[in-house]
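Have a look at the structure below, then the notes.
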Amino acid sequence: MKKYIKCDCSGYMKPSNVEIMHGLFSEGYKCEKCGEVEFNGEQMRKALRKKEEAIKMVVTRRLGMVGGSLILRIPKHVESEMKFKDGEEVRVIVEKNKMIIEPV
Ligand SMILES: [Zn+2]
């Protein structure tokens, strides 16, 4: 494994632990100057495997409207998997084009 990779910004990319998903890290290269991230083939395969293992299920839902607010109904099997209860507080993390809901 190469120690450094030259970045387009003229900085250097060093091997480091890169966040590939909310709270999930994997090996990659990160530029010390601009923060750009790159993976070699093996690092990419590792990162994809970690991501796959972290995802338990994916469900598709249709958003609804109640009293002028958009609502998202959580299916029963997701509710039991997450052990969510009525009235429980959750944290909503909004990333570039996704949203994560986690217990507080
Ligand atoms: Zn850079």
- Given the peptides 21-29, 92-100, 47-55, 69-77, arrange them by the average over their residues of other C-beta atoms within 10 Å, most packed first. 21-29, 47-55, 69-77, 92-100
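So what's the back-of-envelope 222 nm ellipticity for the chain, counting only DSSP H runs of four-plus at -39500 (n - 2.57) apiece and dividing by all residues, rounded to 500?
Numbers: 2 runs with 21 residues, N = 104.
-6000 deg cm²/dmol, from helical runs alone.
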- Cα pair count fraction exceeding 16 Å, expressed as % - the stretch 5-54: 37
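Using the Cα gyration tensor of the stretch 64-103, with a ≥ b ≥ c the square roots of its eigenvalues, what is the shape: rounded (a/c below 1.5), prolate (a/b larger than b/c) or oblate (neither)? Walk me through the numbers before you get to the answer.
Numbers: a/c = 1.73, a/b = 1.13, b/c = 1.53.
Cα axes put the stretch 64-103 in the oblate bin.
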- Item | Fraction of the pair-distance distribution of the chain above 16 Å, Cα-Cα pairs, percent | 70
- Provide the net charge surrounding Ile20, with neighbours chosen by a C-beta distance below 9 Å and charges set as Lys +1, Arg +1, Asp -1, Glu -1. +1
- Task: Give me the net charge of Pro75's neighbourhood, meaning all other residues with Cβ under 12 Å from the Cβ of Pro75; Lys, Arg count +1, Asp, Glu -1.
- Result: +2
- Task: Taking the Cβ of Ala47 as the centre, find all other residues whose Cβ is under 12 Å away and add up their charges (Lys, Arg: +1; Asp, Glu: -1).
- Result: -1
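Whole number in Å², please: accessible area per residue of the stretch 5-54, 1.4 Å probe, ligands, DNA and RNA not counted. Please report the intermediate quantities before stating the final value.
On the way: 3380 Å² over 50 residues.
Spelled out: the 1.4 Å probe surface of the stretch 5-54, per residue, equals 68 Å².
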- Task: May I ask for the angle, rounded to the nearest 10°, between helix 41-54 and the longest principal axis of the chain, with both axes built from Cα atoms and the value confined to 0 to 90°?
- Result: 20
- Query: Expressed as a whole percentage, what fraction of the accessible surface of the chain belongs to carbon and sulfur atoms when a 1.4 Å probe is rolled over the protein heavy atoms?
  - Reply: 53
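The values are calculated or read from the model by the stated rules, or taken from the named source; none is laboratory data. Model, not experiment: these values are computed from the prediction. Using ideal geometry, Cβ is built from the backbone for each residue, glycine included, and neighbour counts are taken over all protein chains shown. These accessible areas exclude ligands, DNA and RNA; they are computed on the full protein's heavy atoms, side chains included. Shrake-Rupley method; radii C 1.70, N 1.55, O 1.52, S 1.80 Å.
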